[in-house]
Every structure is written in C-alpha cells, then in structure tokens.
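All remarks here apply to the structure that follows.
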Amino acid sequence: MEQLQENQLPRHAFEQLAHIPPLPSHLYGTIIGKINRRRIMGRAVFGIAASILVAVSAFTVTRLASPGASYSAEVAEELSGVNSYINSDVYQANSSSYGYYDEVLYQE
Amino acid sequence: MVEINDLTIHRARKGDRAAFRALYDFYAPFSWKIAYRTMHGDVQAATEAVQETFIRVHNSLAKFGGGSAFSTWIYRITYNACMTLLSKQSRANEMQEFNEDTGPTVSSTESIDMKEDMQKILKGITPEERFLLTAREMLGFSFEELADITGKNAGSLRTQLFRLKEEIRTKFGEE
C-alpha cells in the first residue's frame, strides 16, 4: 500500500472549510413532527390495508358460497317439518304449556 | 470519535423521546457539518439531509447491531442521505445544467483569489471528496472510520485525500 505522509491544509483553506453556520435550532421539532406524521400515515395505511383485506376476504367468501346450491331431499323435508312446526298453533300451545309447567315445578 | 453512553442508546431504542433528543443533541452538530459541506453549502439541502438522517436513525435504531461505532453508523446514514439527495438533485437539474452557464471551473494552474478560493475549490471537487475533506480535516475521522462510512478502501481514501490536499496547497500557494 502506498505510504503517504499526512500533509496539512493551508491555514486559510482550513479556516474557510471550518466556516459552517450553526445547526438550525428548529430542526429537532421538524424531525419529530415528520416522525409523528410518518407514524400516523403508516398506521392509516395499515388500517386501510387491513380493511381492504377484510372486505376482499368477505366478498370472496360470499362469492365462493354457491348461490344456487340445494339441500338434499332428506334435509329439505326435515327443514320443512321444523318450519311447519314453528309456525303452527301446536308450537304456540306447547310453549305456553312448558312455561306453565316450569312455573309450577319451580314454585314447588 | 467520542461516543454517547450505551444507556442513552438503549433508552432511545426503547422509544424514550428524551434519550432520542440526547442522541440528536450529541450527534446532530457533526452530522450537520458533514451534510453542509457535502451538499456544498446549500443550507436547505443540508437541513433536509440531517432531517432524513435522524428520521432513519429513529426508525432503524432497533436494527443497529453494534457492528460498528454508533457515530460511524449515524455518519454513514448522513453520508448516504447526502448522496441520495445529490442524486435526486442531479436528476432534477440535468436538463437545466445543459442550458445554463455555470461559470468557469477552476483548473489546477489557475490562480485564485484568496477570499473565494476555497468555495471554488469545493465547487470543483466531487461530493465524496467534500465529505472526505470535512470528515477527516474538520471532524478528525480516522481512515478506517471513513472506509466504514463510504464503503471504500482506507488506503485509497488516504491517497485520494493526499492528492486533494496537494491540489489545494498548489492552488493556495505554499505558506
């Protein structure tokens, strides 16, 4: 490696090189302001990205569920039976009776 | 280089704003000097470089592994911020520079007025050389530290600075 002796800068050159204005006093406040703004922006972007992800996922799941799907005959018949029972007078009468029985039994 | 204590660095890493302020107060004046000279005395650009430096420092504190001195790490960020800004400026001014007369450049044999000479010399050298001159001559960085910051070989930086200083001495005349 080339060995070089340290040479000195001329005094005038060094003085001019060293002439630097002071660090602006407002700089720290500006830096903290920018850090905070970037943090808020980062969180906002993250929030928006998360919202978009959830929306896209929900949309995809909804789309993937086959809208024209039908039940098997057995399940359909069972559901129909449940539906008839819930909407019938028998159900109303039974539920009143159960309420009556509960009242009588717990009072004892 | 003088370093701030490890506890302050540790506290700043944990998000302590007072510790980050202490880091800033300790390192920003050096960072400013480097940026001001590397950006060739452009206060606005130097301000931007120091801002970018400390935003990056704040965001990357957790990643600082202690492989180099903390000061070296910060000044490397300053150096890179300056180079990025200069590169942006250069792209933005590319067309302008073709059309503008930037004034005569200083040749090695030209005699220079003492009052303006250093400015002319600094204008005629590369940003990397300006950084080298400032960091070595004013801030007292070792060549090993400069190599760590710039990613170049310490020996070649030593040679580069030697030649640069010889050129300056020639332009100023021997004292």
- Only one residue in A:ILE32, A:ILE40, A:ILE20 is in contact with a Lys or Arg (Cβ under 6 Å, 6 or more places away or on another chain) and β-branched (Val, Ile, Thr). Which one? A:ILE20
- May I ask you to say which residue of A:LEU79, A:LEU17, A:LEU23 is closer than 30 Å to B:ASP42 by Cα, over 31 Å from the mean Cα position of the chain (by Cα) and at pLDDT 80 or above? A:LEU23
- Note on the structure: Filtering the stretch A:61-81 for residues that are part of a helix (DSSP H, G or I) and loosely packed, with under 10 Cβ neighbours inside 10 Å leaves a count of 6
- Note on the structure: Only one of B:SER90, B:SER68, B:SER60 is assigned to a helix (DSSP H, G or I), modelled with pLDDT under 85 and more than 16 Å from the chain's Cα centre (by Cα), namely B:SER90
- Boolean, B:TYR75 is within 13 Å of chain A (Cβ to nearest Cβ) and buried (at least 21 other Cβ atoms within 10 Å of the Cβ): no
- Being touching a Phe, Trp or Tyr at 6+ places or on another chain (Cβ under 6 Å), in a helix (DSSP H, G or I), away from chain A (no Cβ under 12 Å) and crowded, with 16+ Cβ neighbours inside 10 Å, is that true of even one residue in the stretch B:137-155? yes
- Item | Any chance A:ASN7 is polar (S, T, N, Q), at pLDDT 75 or above and surrounded by fewer than 15 Cβ atoms within 10 Å (Cβ to Cβ) | no
- Conditions (1) of a type in the set (Gly, Ala, Ser); (2) farther than 12 Å from B:ALA35 by Cβ; (3) in a helix (DSSP H, G or I): number failed by B:ALA46: (2)
- Kindly check whether there is at least one residue in the stretch A:38-61 that is within 29 Å of the chain's Cα centre (by Cα) and closer than 21 Å to B:ALA28 by Cα. yes
- Query: Scanning the stretch B:156-175 for residues that are farther than 24 Å from B:ILE74 by Cα and among the charged types (D, E, K, R), which turns out surrounded by the fewest Cβ atoms within 10 Å (Cβ to Cβ)?
  - Reply: B:GLU174
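The values are calculated or read from the model by the stated rules, or taken from the named source; none is laboratory data. What you see is a predicted model, and the numbers here were worked out from it, not measured in a lab. Here Cβ is always computed from backbone atoms with ideal geometry, including for glycine, and neighbour counts include all displayed protein chains.
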